[in-house]
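Some notes on the structure that comes next.
Here, each number is a calculation from the coordinates, and none is a lab measurement. Small disclaimer: the values here were computed from a predicted structure and weren't measured. Here Cβ is always computed from backbone atoms with ideal geometry, including for glycine, and neighbour counts include all displayed protein chains.
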Amino acid sequence: MDVEVASAHMSGPYWLEDDSAVPASTRLGGIPDVEIVGAGITGCSAALALARAGRRVRVHDARGIAEGASGRNGGFALRGGAARYDVARETYGGDESRELWRRTEAALDELEEAGGDAVRRVGSLRLAADEEELEQIRGEFAALREDGFEAEWLDELPDHLSGRFLGAIHHLGDGSVQPARLVRRLASTAASEGVEFRERSRVEALDDLEAPTVVLATDGYGRGLVPELDERIWPARGQVVATEPLPERLFEIPHYARQGFDYWQQLPDGRLVAGGFRDHSIMDELTDVEETTPVIQSALESFTEDLIGRRPRITHRWAGIFGLTQDFLPLVGPVPGHDGLWVAAGYSGHGNVLGFMSGGLVADGILGREDPLLELFDPARLF
Ligand SMILES: Cc1cc2nc3c(=O)[nH]c(=O)nc-3n(C[C@H](O)[C@H](O)[C@H](O)COP(=O)(O)OP(=O)(O)OC[C@H]3O[C@@H](n4cnc5c(N)ncnc54)[C@H](O)[C@@H]3O)c2cc1C
């Protein structure tokens, strides 16, 4: 595939074509209690939690609701953090990791309730692409079972996976989301609780905001607002393709391999959505320039061909930006040195469930509620 073909077909995120309604927003009079920058999964979740606690909330987005990473991702709703569970135990501590995994499982239940038909709890398949990865995911499986988490080990894979992959963990409670529909639904609920949404409203400087409390929910997109956060949340680009609907049904649930570098799933209408291959030009993908590139697009095309045995027609191509952190944990809590400023961002590519949960957590922090996860995610740890 050549460069021109790649860019000529860049049609944008499949998810955003969903006809789900964007809320008709209220206009708040006077100064709000809280202003939120970013109307993705995090901002909408935080807004809803704060409105339910009686706060007057205004949400700004430079684009529209769910038009950042929240409407551009792979549609995987996975428990846990961005690191493997066994690695998390070693890095963050046993109690902390157990709590994090347990709470993301609870968040998945809440997400299912809030998201309606935008969330399907079909499970996910974490595959090993080589012997080294097989050992790694065996370690993860053992650690999960040891701590009482549900998971199944698969040695025998279906024919269409067995030549390429060596084994897998089946995470039974995970899900697949239509992320744009999910976030718009959350936003609609928030609007019905009185939240004001200002779309196409870029915040150029925090001084332009009026509220005494401000939440940055900008994940990989917020550069330029707070220099200290720019140093700690690094933008990374992900690229995705969607195919025409396929007649065969091969990947009913989210599949991922190579440390999550590659991920794919088939949607109820038969389309294959596949993303990843950032490691094919890893330095180029550390950027917040939201555009597809020929090298990654052609890797994704070949991958879809390998997966189904013929070259499918690609109908959608898109890129999105997410926020990476040094320890792969998000920053959720007050920003050191900035009175009244809070952040919830940096999910390291794992933000559908974590972002939803962190929106609620940052609201809890603002409301003065304590939570062990607010300690684990405290931005001060990286300052
Ligand atoms: C290609 C790709 C695939 C991914 N796949 C998955 C996956 O399958 N599963 C998973 O869990 N996670 C995945 N992620 C990560 C996940 O999408 C994100 O972590 C999550 O959506 C972050 O949500 P958010 O609400 O915090 O930020 P976003 O949804 O990115 O929203 C931030 C918003 O802030 C707005 N904004 C920024 N600056 C300003 C400003 N100055 N003024 C006003 N508005 C501003 C932006 O316009 C944007 O809408 C993926 C990410 C990408 C890019």
About its Cα centre, what dipole magnitude does the chain give when the only charges are +1 on Lys and Arg Cβ and -1 on Asp and Glu Cβ, stated in debye to the nearest 20? 980 debye
Å³ per residue of the Cα convex hull, for segment 127-210? 237 Å³
By the Kirkwood definition, with r running over pairs of different Cα atoms, segment 161-275 has a hydrodynamic radius in Å of 18.2 Å
What is the calculated FRET efficiency for Arg198 to Asp288, with r their C-beta to C-beta distance and R₀ = 25 Å, to the nearest 0.05? 0.70
Show me 246-253, 191-198, 60-67 ranked by packing, highest mean number of other Cβ atoms within 10 Å first. 60-67, 191-198, 246-253
Helix axis angle, 179-192 relative to the chain longest principal axis, alpha carbon, degrees: 20 degrees
Using just the Cα positions, wrap segment 59-187 in a convex hull and report its mean projected area in square nanometres, one decimal place. 9.4 nm²
For the chain, modelled as a GNM with alpha-carbon contacts under 10 angstrom, which of Phe303, Phe322, Phe356 fluctuates the most? Phe303
Can you divide the C-alpha Rg of segment 202-328 by 2.2 N^0.38 Å and report the result to two decimal places? 1.28
Helix 131-146: inclination vs the chain longest Cα principal axis, degrees, rounded to 10, gives 50 degrees
Enter the Cα centre distance for the pair segment 59-126 and segment 261-331, rounded to the nearest angstrom. 19 Å
Cut-off 11 Å between beta-carbons: net charge of the residues surrounding Leu225, Lys and Arg +1, Asp and Glu -1: -3
Modelled label-to-label distance, Glu135 and Ser162, 7 Å Cα→beta-carbon offset: nm? 2.6 nm
Diffusion coefficient in µm²/s returned for segment 288-368 by Stokes-Einstein, Kirkwood Rh over C-alpha pairs, 10 °C and 1.306 mPa s, is 102 µm²/s
Relative contact order as a percentage, the chain, C-alpha pairs under 8 Å and 6+ apart, gives 25 percent
For the chain, set up a GNM with springs between Cα atoms under 10 Å and report which of Val34, Val335, Val295 has the largest fluctuation. Val295
If r is the Cβ-Cβ distance from Glu244 to Glu150 and R0 is 25 Å, what FRET efficiency results, to the nearest 0.05? 0.10
Debye intensity ratio I(q)/I(0), log10, segment 1-134, q values 0.18 Å⁻¹ (C-alpha model): -1.21
Please give the calculated 222 nm ellipticity per residue for the chain, where each DSSP H segment of at least 4 residues contributes -39500 (n - 2.57) and the sum is spread over every residue; nearest 500 deg cm²/dmol? -9500 deg cm²/dmol
Surrounding net charge for Gly346, when Lys and Arg each add one and Asp and Glu each subtract one, Cβ distance under 10 Å: -1
Ordered by packing density, taken as the mean number of other Cβ atoms within 10 Å over each peptide's residues, highest first, how do 202-214, 75-87 rank? 75-87, 202-214
Kirkwood Rh, angstrom, segment 207-271 [1 / mean 1/r, Cα pairs]: 15.7 Å
Can you give me the pair-distance distribution of the chain, C-alpha pairs, 10 Å bins, whole percents? 5, 25, 34, 25, 10, 1, 0
How many nm separate the modelled label positions at Glu305 and Arg121, each set 7 Å beyond the Cα in the direction of the Cβ? 4.1 nm
